[in-house]
Amino acid sequence: MKNMPGDYIIHLNFLPIADDLPDFTIYRKPRPNPQDCKPEGHDVHGYSLPRTPENLEDRASYWVALNSLPGFEEFHAKPSHNNDLTAWTIFQAIATNCIQKLAKEEYWVPERGFQRELHFNMNRHNEGDEQLVVRPYHLSVAKKFGILADFHFRLRDGVKFSRKVQQLSLSLDDHFRRNLDFYVDRFAKINAFLQTRWEVLSPIRLPGADRLVNLSKEFEAQFANRLQSRVYVFGNNRESRSQFTGLKDFSPLEPLKTAPKLLFIFREQDRQAARTLAAALKGSAKRERFSFPGFQQLFKSAITIDSDPVVVPDFSTGSMSLALDRMQKREGPATIPLLVMPDEDDEGYLNHKSIFTHAGIPSQVCTLGVIQDENTLKWSVGNIALQVFCKAGGLPWKVRPASDKCLIIGISQSHKLRKDSDGDTSIEKYFAFSILTDSSGLFQKIQVLGQGEDERSYLDQLRTNLSEVLAEKAQEFPRVVIHTSFKLKHREMDEIQSVVQAAASSSKNSRCRFAVVKVNQRSGFFGANRTVNSLVPFEGTHVRLGRREHLVWFEGIYPDKPTVTKAFPGPTHLHFLRVSEQNDVSDDLLLQDLMNLSGANWRGFNAKSAPVSIFYCHLVADMVHDFQERGLLLPAVEGLRPWFL
């Protein structure tokens, strides 16, 4: 990690309880089997608690309620007995205030999800609602309970995503341009909404407590440091701090063995747009129209355009199947289909992607809106060319790894859901997969880990297939780290953690160290760097929240270049799960691996800086979800190059 001034502080969007929390009253009933389903009809949850107040180490599992129930005994709990239980009582205390002081339409409590949250509807629009979202949290490093407070725009059902929605979400400013004041605006919303709803949030009374509890009005300040900056590696092991500059000055890490051929697919009325895109990709030495130098100059490989394009009437599944058939009959070098499509033709995009990826063929799309706006095309053509290069089999760059060779396994799911007549959602078909990269960010493969209609058989597949992957890779790599998506369910996480624990304890894998990292980019955490007017933290900022719990800003400003050039996203929440006592990988190494992987995204030169182990997983999961919702063919995922870019 980089040395930072001792006063580098991040103010988190966490409001701590200002007073010492009092003891509170609960009602509990022994829970002999921790796997038992909770009793129906009551708000009851399972927690570990001391059997007696005198011996805090002698613990058991209990069903817990906040109201007296038959068969439940009264128990006077201390806040330190169980942090999750205390957070639940804080949540219920705020919810009680809501019921007493607000109308039903002024707040909303999600019935599903991992987190207990209260959503306050603050400003209503045709497109949706501006909300203040609060949830109880225990900040371990400060030994404080409190609430996380965040801004969220909730899109109304049936409303399409639009520039107006982006503006209401604060990603665009009042003039529909990139909102460079995103951090300032977001904190302003949070502060204004907190002030409006303060009487609901503070004071609160925990059940059976002898006094009220107040929230502090000051956001919690925590010391921060910075992770090492990313370094990109190109041909002949040349290094650069810039992806584009490195490619231009050196050469790709692994160039193409044969020049790719692009087969354009478009409607007749879009022929001129296709010609414009073809000319932009080829580029010119003088760069008269575009800043892009051309495919050959940047990637050191020629590119050819098939002189016999496929003209289609539309992008229906029938038209795409015919286009695929015509393409497969062509002879010559490997062909990349490049489709010119109308804007917002989501159905057409998914139709073509399903047809081509099912056949094992990666494809590229460019929309008319990009091509017909010369300024947009100017800045987009390089990213389009980069994606074509990768889909043709080239490797543009990797990142310099933090240490020895390491395999990263990103795991996510894309289950097919169904709704019954009452509107309740259940899983119709289970589907989990992994994306393998090494710690330099080089894409290895996609592998299905489990699928089926029955949860138990699906979990058995997940366990078996993951065990086989770990057993095989432990012989090749000294470190194997699993990155799990926030989309995974609790039972899936339990299976994964159990498999990794078994692998770590196996004598066959004694030379390999294992780790599991939960990566959550939608955690509700936010933070401000008050040393700059923009409030944006520095790139690589790291804040420790507790034992093996961290926040990292993979994007941000630089101390020597504090100018804001984009709407930087918030931090990523990281939780390192316990796998073994002997083979643990250090937090610092896991953090630096994640930082490095956030620069390995081949989707674009200025693409989202998120660890590709999870970012690629989300791209695949979202697309597979859309395929399943429409009954489209699923991709032949295990035999493809990175088709999801």
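Separation of the alpha carbons by more than 28 angstrom is noted, of LYS261/LYS398; LYS353/LYS429; LYS78/LYS217; LYS248/LYS518, for LYS248/LYS518. Projecting the Cα atoms of TYR349, PHE120, PHE477 onto the charge dipole of the chain (Cβ charges, centred on the Cα centre) puts PHE477 farthest toward the positive pole.
Of the listed residues LYS329, LYS429, the order by accessible area with a 1.4 Å probe, largest first, is LYS329, LYS429.
Calculate, for LYS261 and SER162, the FRET efficiency according to 1/(1 + (r/R0)^6) with r their C-beta to C-beta distance and R0 30 Å; round to the nearest 0.05. The calculated FRET efficiency here is 0.20. Using only side-chain charges placed at the Cβ, +1 for Lys and Arg and -1 for Asp and Glu, the dipole size of the chain relative to its Cα centre rounds to 1820 debye.
Find the accessible area per residue for region 1-105; the probe is 1.4 Å, ligands and nucleic acids are left out, and the unit is Å². Let's see the in-between values first.
Working: 5700 Å² over 105 residues.
The answer is 54 Å² per residue.
Our note on the geometry: Cα centres of region 551-582 and region 515-532, 6 Å apart. For region 170-258, applying the loop criterion from DSSP together with a ceiling of 11 other beta carbons within 10 Å to the chymotrypsin sites (Phe, Trp or Tyr not before Pro) yields PHE176. Using Cβ point charges alone (K and R +1, D and E -1), the dipole size of region 482-594 about the Cα centre works out to roughly 200 debye. Could you provide, to the nearest whole Å², the per residue accessible area of region 484-643 with probe 1.4 Å? On a per-residue basis, region 484-643 sits at 39 Å². Listed by chain and number, the aspartates and glutamates placed with their C-alpha closer than 13 angstrom to that of LYS419 are GLU428, GLU629; residues fewer than eight positions away on the same chain are left out.
What 222 nm value per residue comes from the helices of the chain, counting each DSSP H run with n ≥ 4 as -39,500 (n - 2.57) and dividing by all residues, nearest 500 deg cm²/dmol? Intermediate results must be reported in sequence, preceding the final value.
Numbers: 15 runs with 180 residues, N = 645.
Per the formula, -8500 deg cm²/dmol.
Charged side chains reduced to their Cβ positions (Lys and Arg at +1, Asp and Glu at -1) give region 521-645 a dipole of some 340 debye around its Cα centre. The figure for HIS11 is an accessible area of roughly 30 square angstrom, using a 1.4 Å probe on the protein chains alone. With all protein chains in place and a 1.4 Å probe, the accessible surface of the chain carries 46 percent carbon and sulfur. In region 223-298, the convex hull through the Cα atoms has an average projected area of 8.8 nm², a quarter of its surface area.
When you restrict to C-alpha pairs under 8 Å that are six or more residues apart and normalise by the size of region 1-118, the relative contact order lands at 24 percent. Spatially, region 222-276 and region 61-107 are offset by 53 Å when compared through their Cα centroids. In this structure, ALA209 and ALA60 have a Cβ-Cβ separation that, at R0 = 22 Å, corresponds to a calculated FRET efficiency of about 0.35.
Put a dot 7 Å past the Cα of GLU105, heading toward its Cβ, do the same for ASP23, and the two dots end up 4.6 nm apart. Cα centroids of region 336-389 and region 457-503: how far apart, whole angstrom? Taking the Cα centre of each part, region 336-389 and region 457-503 sit 34 Å apart.
The values are calculated or read from the model by the stated rules, or taken from the named source; none is laboratory data. Model, not experiment: these values are computed from the prediction. Glycine also receives a Cβ, built like all others from the backbone with ideal geometry; neighbour counts cover every protein chain displayed. Only protein heavy atoms, including side chains, enter the accessible area calculation; ligands, DNA and RNA are left aside. Shrake-Rupley method; radii C 1.70, N 1.55, O 1.52, S 1.80 Å.
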